[in-house]
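The values are calculated or read from the model by the stated rules, or taken from the named source; none is laboratory data. It should be emphasised that the depicted structure is a prediction, and the values quoted were computed from it without experimental measurement. Please note: Cβ atoms are built from the backbone with ideal geometry, for glycine as well, and neighbour counts cover all protein chains shown. Surface accessibility is based on the protein's heavy atoms, side chains included, excluding ligands, DNA and RNA. Shrake-Rupley method; radii C 1.70, N 1.55, O 1.52, S 1.80 Å.
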Amino acid sequence: MERRGLNVRKAVLKRALRCIRWLPLTTASNLVSGFGRLEWRLHRPLRQAFDDAVGEASRSLGCDWDVPRVSQELAGNQLLWRSRDMLLDGSSDERALAMFRVNGKEHLDAALAEGKGCIVLTSHFGAHMLPAHWMYRLNYPLRLYMERPRSVSRFMARRFGTDGPLAQDKLFISRKGESTDAAGSILRATRVLRSGMILFLAGDVRWSGQMTETASFLGRTMRFSTTWILLAAMSGAPVVVVTCPIGPDRRYDLEFRPAFRVPADVQKAGRIREWVERFLAIVEEQIRLHPTNSNDYLFWEDGKEDAS
């Protein structure tokens, strides 16, 4: 949902967070969400756009949602989503980690202990950058494989300055890159996994060109990147799906699911689309359960790609 003056709002929010984050963190999180809920109440066209999108998704998914309630809460959580992890900047580890309720850590640890690296597969659902923040706080060997994220904490941005052949900066990808750039980034990502590290990437990235596949999502046909599938097949690394909805108290419900593997012959067997849809089904399940954490999904249009 591209709110009018979005860039101005982001700049204002970024400045406001410098003061807000010194409040108790759940209070600060609720305050940021409250700005979004207030805008929903005061801005009639915005409220109508949210109500229409939530109503359409409710019918498409066969859910009996309370549309005005979900719509207002979504407007609030969407503002928290746009703030990424900046609310936790400057916090001690103890203070920051208290914002997380964590389930399934043993699945992540078991997958990593195999020594083949681990793909942590995220999405644009919920507080999608917060799992990376949590892993950084606990000193997991982590690299992000995505476009360079904007509007993140200084705590996270400092982790992007690593040196050497497995440097984070060399793993950021660009939609404007050449096919040779894409091939090079795949090789670097594979080396990260073979070194026993975690590769954090999203499985719901709308993309065009090579290494993509069409799939149905929320009743629409879209084209998604298949990079995570190819990396998992090439490396043999286990894949751990992570979700992180924002709870009613504005804390983060971080969950790591049991690991699975993608067969090495997935492309030869013509099963790429099957794996794309398996992951998207998990995302749809989360939207059904937590529609107020659906962020921009309900506003996605056919044929559009994601913005960073």
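State all residues of the stretch 145-161 that are of a type outside the set (Lys, Arg) and closer than 17 Å to Leu13 by Cα; if no residue qualifies, say none.
Start the filter on the stretch 145-161 by keeping residues that are of a type outside the set (Lys, Arg), which leaves 145-147, 149, 151-153, 155-157, 160-161.
Within the stretch 145-161, Pro149, Ser151, Val152, Ser153 qualify.
So which residues in the stretch 135-151 are in contact with a helix residue (DSSP H, G or I) (Cβ under 7 Å, 6 or more places away or on another chain) and modelled with pLDDT of 95 or more, if there are any at all?
So in the stretch 135-151, the residues in contact with a helix residue (DSSP H, G or I) (Cβ under 7 Å, 6 or more places away or on another chain) come out as 136-137, 142-145, 151.
Once the filter is applied, which keeps residues that are in contact with a helix residue (DSSP H, G or I) (Cβ under 7 Å, 6 or more places away or on another chain) and modelled with pLDDT of 95 or more, the stretch 135-151 yields Tyr136, Arg137, Leu142, Arg143, Leu144, Tyr145.
For the stretch 61-125, which fully contained helices (runs of 4 or more DSSP H) count at least 2 residues that are in contact with a Gly (Cβ under 9 Å, 6 or more places away or on another chain) and over 30 Å from Gly196 (Cα atoms)? Explain how you work it out, then say what you get.
Values: elements: 67-82, 93-97, 105-113.
Correct list: 67-82.
Would you check which residues across the stretch 186-224 are open to solvent by less than 40 Å² (accessible area, probe 1.4 Å) and free of Cβ contacts under 8 Å to residues at least 40 places away in the same chain and list them?
Applying the first criterion (open to solvent by less than 40 Å² (accessible area, probe 1.4 Å)) to the stretch 186-224 yields 186, 189-190, 192-193, 196-206, 212, 214-215, 217-218, 222, 224.
Within the stretch 186-224, Thr212 is the sole residue that qualifies.
Of the numbered conditions (1) part of a helix (DSSP H, G or I); (2) open to solvent by 10 Å² or more (accessible area, probe 1.4 Å), His128 satisfies every one except a single condition; which is it?
That leaves (1) as the condition not met.
Give the stretch 137-177 a look and list any residue that's in a loop (DSSP other than H, G, I, E, B), open to solvent by 40 Å² or more (accessible area, probe 1.4 Å) and closer than 22 Å to Leu108 by Cα, or say none.
Across the stretch 137-177, the qualifying residues are Leu138, Asn139, Pro141, Leu166.
Condition test on Leu130, is it among the hydrophobic types (A, V, I, L, M, F, W, C) and over 17 Å from the mean Cα position of the chain (by Cα)?
On the way: among the hydrophobic types (A, V, I, L, M, F, W, C): yes; over 17 Å from the mean Cα position of the chain (by Cα): no.
Considered against the rule, which asks whether it is among the hydrophobic types (A, V, I, L, M, F, W, C) and over 17 Å from the mean Cα position of the chain (by Cα), Leu130 comes out as no.
How many of the residues making up the stretch 10-32 are in contact with an Asp or Glu (Cβ under 9 Å, 6 or more places away or on another chain) and either modelled with pLDDT under 95 or not small (Gly, Ala, Ser) (or both)? Let's see the steps before the verdict.
Here is the first cut: in the stretch 10-32, the residues in contact with an Asp or Glu (Cβ under 9 Å, 6 or more places away or on another chain) are 17-18, 21, 26, 29-30.
Going one step further and asking which of them are either modelled with pLDDT under 95 or not small (Gly, Ala, Ser) (or both), we end up with 17-18, 21, 26, 30.
Here the count works out to 5.
Those residues that are in a helix (DSSP H, G or I) and open to solvent by less than 10 Å² (accessible area, probe 1.4 Å), I need them from the stretch 229-273; list them, please.
Taking the stretch 229-273 as the starting set, the residues that turn out to be in a helix (DSSP H, G or I) are 229-235, 272-273.
Correct list: Ile229, Leu231, Ala232.
Has the stretch 151-167 got at least one residue that is touching a residue at least 60 places away in the same chain (Cβ under 8 Å), out of contact with any Gly (no Cβ under 7 Å at 6 or more places or on another chain), of a type in the set (Phe, Trp, Tyr) and farther than 20 Å from Arg21 by Cα? Reasoning before the result, please.
In the first step, residues of the stretch 151-167 are kept if they are touching a residue at least 60 places away in the same chain (Cβ under 8 Å); the result is 151-156.
Imposing the further condition that a residue be out of contact with any Gly (no Cβ under 7 Å at 6 or more places or on another chain) reduces the set to 151-156.
The next check asks that each one be of a type in the set (Phe, Trp, Tyr); those that pass are 155.
Right, trim to farther than 20 Å from Arg21 by Cα and you get none.
There is no residue in the stretch 151-167 that is touching a residue at least 60 places away in the same chain (Cβ under 8 Å), out of contact with any Gly (no Cβ under 7 Å at 6 or more places or on another chain), of a type in the set (Phe, Trp, Tyr) and farther than 20 Å from Arg21 by Cα.
Is it true that some residue in the stretch 179-190 is part of a loop (DSSP other than H, G, I, E, B) and either over 23 Å from Met135 (Cβ atoms) or touching a strand residue (DSSP E or B) at 6+ places or on another chain (Cβ under 9 Å) (or both)? Please lay out each step first, then the result.
Pass one, the stretch 179-190, residues part of a loop (DSSP other than H, G, I, E, B): none.
No, the stretch 179-190 contains no residue that is part of a loop (DSSP other than H, G, I, E, B) and either over 23 Å from Met135 (Cβ atoms) or touching a strand residue (DSSP E or B) at 6+ places or on another chain (Cβ under 9 Å) (or both).
If you check Ser58 against the conditions, is it within 13 Å of Ile246 (Cα to Cα), open to solvent by less than 30 Å² (accessible area, probe 1.4 Å) and not assigned by the TED database to the domain that holds Gly126? It would help to see each step written out before you state the result.
Working: within 13 Å of Ile246 (Cα to Cα): no; open to solvent by less than 30 Å² (accessible area, probe 1.4 Å): yes; not assigned by the TED database to the domain that holds Gly126: yes.
Spelling it out, it is not the case that Ser58 is within 13 Å of Ile246 (Cα to Cα), open to solvent by less than 30 Å² (accessible area, probe 1.4 Å) and not assigned by the TED database to the domain that holds Gly126.
For the stretch 90-115, name all the residues that are over 14 Å from Phe256 (Cα atoms) and in contact with a Pro (Cβ under 7 Å, 6 or more places away or on another chain).
To start, the set of residues in the stretch 90-115 that are over 14 Å from Phe256 (Cα atoms) comprises 90-99, 113-115.
Hit for the stretch 90-115 is Glu114, nothing else.
Say we look at the stretch 26-55 and pick out the residues that are of a type in the set (S, T, N, Q) and free of Cβ contacts under 8 Å to residues at least 40 places away in the same chain; which of these is most open to solvent (accessible area, probe 1.4 Å)? Outline the logic, then answer.
To start, the set of residues in the stretch 26-55 that are of a type in the set (S, T, N, Q) comprises 26-27, 29-30, 33, 48.
If we keep only those that are free of Cβ contacts under 8 Å to residues at least 40 places away in the same chain too, we end up with 27, 48.
Values: Thr27: 71, Gln48: 95 Å².
The residue in question is Gln48.
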